[in-house]
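Worksheet for the structure shown next.
The values are calculated or read from the model by the stated rules, or taken from the named source; none is laboratory data. Since the structure is predicted, the reported quantities are computational estimates derived from the model, not experimental observations. Here Cβ is always computed from backbone atoms with ideal geometry, including for glycine, and neighbour counts include all displayed protein chains. The protein model used for the area step is the full one, side chains on, heavy atoms only, and it has no ligands, DNA or RNA in it. Shrake-Rupley method; radii C 1.70, N 1.55, O 1.52, S 1.80 Å.
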Amino acid sequence: MYVNVYLFQTDNYMITGALQDILREVHVHTPNTDESIQIDPNAPELSHPLNQYGFIASEKSSIDFELKVCHDAFIYLSASLVMDSTADVYEIVMGGGSGTKVFLRSKNGVDVAQGLLGTSNTDCDQFVPFWISWENGNVKIGKGLIINQDVVIDWTDSDPFIIAGIGVRSGYGSSGQWIFHVEASGEFCVTGGTRGTMNLLTTDIVREYDCPLMCLRVQNCMGFNFNKLSETCELISGGEAMTTVSNSDWTFGTKCFQNKCLACF
């Protein structure tokens, strides 16, 4: 893969790469957070919002992903971009019924549809592909990665709302691993005097220009730290909340997904 990278030496700058039609994966880990919306109305606020990766549901009508969970993974299609629990929401339960079913709940937490997953039961040890679409109040859920194929649930809301945000989490004693397919732009947003404190994938001694290139080639790399004094490059793992500290010796960069860059918000 050829990548042409340009660096602009300012406190807050963009690194752009010549990438064409590269599909990247955002990996997310969700711990056990227990109750569903039926039990806890604040459940959506406990979810991991996908808007931080540039996925704005109001600009889309579907999403596809891979999920590794024993049972009971929750997806919230919310009228709130930030998953406000007071907003209208649809709750989807992937792997209900001990991993065999999918449930769809309406705005008031009532089950409106359910379906059997069959050979695509959720799995503790393997990723299983699914898709969800929500165009014009028609909520569909299916197996595989091709929208409108292998449909499990097809339900239309007579009083729909605009879906602005999506959040995910897992519960009832089961943590989950998610892979979301989003388009990476080949750009980084970089902030000087800052170091990301999330989990690291690797640490290497490299040239400054090589650090972002290394991150581009690793699908679960969400960003990097680079120390000009020691030429240390730290690749940062995805799927976590972004946390940073001020440190004059370091530069912190994050990947841009669908024109959204975490460090430049």
Notebook entry, point to check: Roughly what would the spin-label model give for ASP249 and LEU116, points 7 Å off Cα along C-beta, in nm?
Noted result: 6.2 nm
Notebook entry, point to check: Say each of ASP123 and GLU135 gets a label point 7 Å from the Cα, pointing the same way as Cα to Cβ; how far apart are those two points in nm?
Noted result: 3.0 nm
Margin query: Heavy atoms only, 1.4 Å probe, whole protein assembly: order THR194, THR119, THR203 by accessible area, highest first.
Written below: THR119, THR203, THR194
Notebook entry, point to check: Relative to the Cα centre, what is the charge dipole magnitude of region 169-219, using +1 at the beta carbon of each Lys and Arg, -1 at the beta carbon of each Asp and Glu, and rounding to the nearest 20 debye?
Noted result: 200 debye
Next item on the list: About the Cα centre of region 112-176, how large is the charge dipole given +1 on each Lys and Arg Cβ and -1 on each Asp and Glu Cβ? Please answer in debye to the nearest 20.
Entry: 120 debye
Checklist line | Percent carbon-and-sulfur accessible area, the chain, ignoring ligands, DNA and RNA, probe 1.4 Å | finding: 47 percent
Margin query: If you count only protein heavy atoms and use a 1.4 Å probe, how large is the accessible surface of SER98, to the nearest 10 Å²?
Written below: 110 Å²
Next item on the list: For the chain, calculate the relative contact order in percent as a whole number, restricting contacts to Cα pairs under 8 Å that are 6 or more residues apart.
Entry: 25 percent
Margin query: Given the DSSP H assignment, sum -39500 (n - 2.57) over each helix run of at least 4 residues in the chain and divide by its residue total; what's the result at 222 nm in deg cm²/dmol, nearest 500?
Written below: -1000 deg cm²/dmol
Next item on the list: Let me know the charge dipole size of region 122-265 about its Cα centre in debye, to the nearest 20, where only the beta-carbon of Lys, Arg (+1) and Asp, Glu (-1) is charged.
Entry: 220 debye
Next item on the list: Could you calculate the FRET efficiency of TYR209 with MET242 from 1/(1 + (r/R0)^6), where r is the beta carbon distance between them and R0 is 25 Å, rounded to 0.05?
Entry: 0.60
Check: R0 = 30 Å: FRET efficiency of ASN148 with ASN108, Cβ-based, nearest 0.05?
Finding: 0.65
Checklist line | Top of ALA87, ALA79, ALA57 by mean-square fluctuation, Gaussian network on the chain, Cα under 10 Å | finding: ALA87
Checklist line | Among ASN227, ASN108, ASN51: highest mean-square fluctuation, GNM of the chain, C-alpha pairs under 10 Å | finding: ASN108
Next item on the list: List the relative contact order of region 135-205 as a percent without decimals, with contacts defined as Cα pairs under 8 Å and 6+ residues apart.
Entry: 19 percent
Notebook entry, point to check: Given a cut-off of under 8 Å on Cα pairs at least six residues apart, what relative contact order in percent is computed for region 171-235?
Noted result: 32 percent
Item checked: Hypothetical label at ASN32: residues of region 133-172 whose amide nitrogen lies under 20 Å (7 Å Cα-Cβ projection) -> 168-172
Next item on the list: Can you pull the one-decimal nm distance between simple spin-label points at THR232 and VAL82, each 7 Å off the Cα toward Cβ?
Entry: 3.4 nm
Item checked: Per residue accessible area of the chain, 1.4 Å probe, in Å² -> 45 Å²
Note to self: I'm checking a number: the convex hull volume of the Cα atoms of the chain, normalised per residue, in Å³. What is it?
What the structure shows: 128 Å³
Next item on the list: Kindly count the pairs of lysines across the chain whose alpha carbons are less than 22 Å apart, treating pairs on different chains or eight or more residues apart as eligible.
Entry: 12
Next item on the list: Could you pull out which residues in region 122-141 have an amide N less than 13 Å from a spot 7 Å beyond the Cα of ILE162, following the Cα-Cβ vector?
Entry: 136
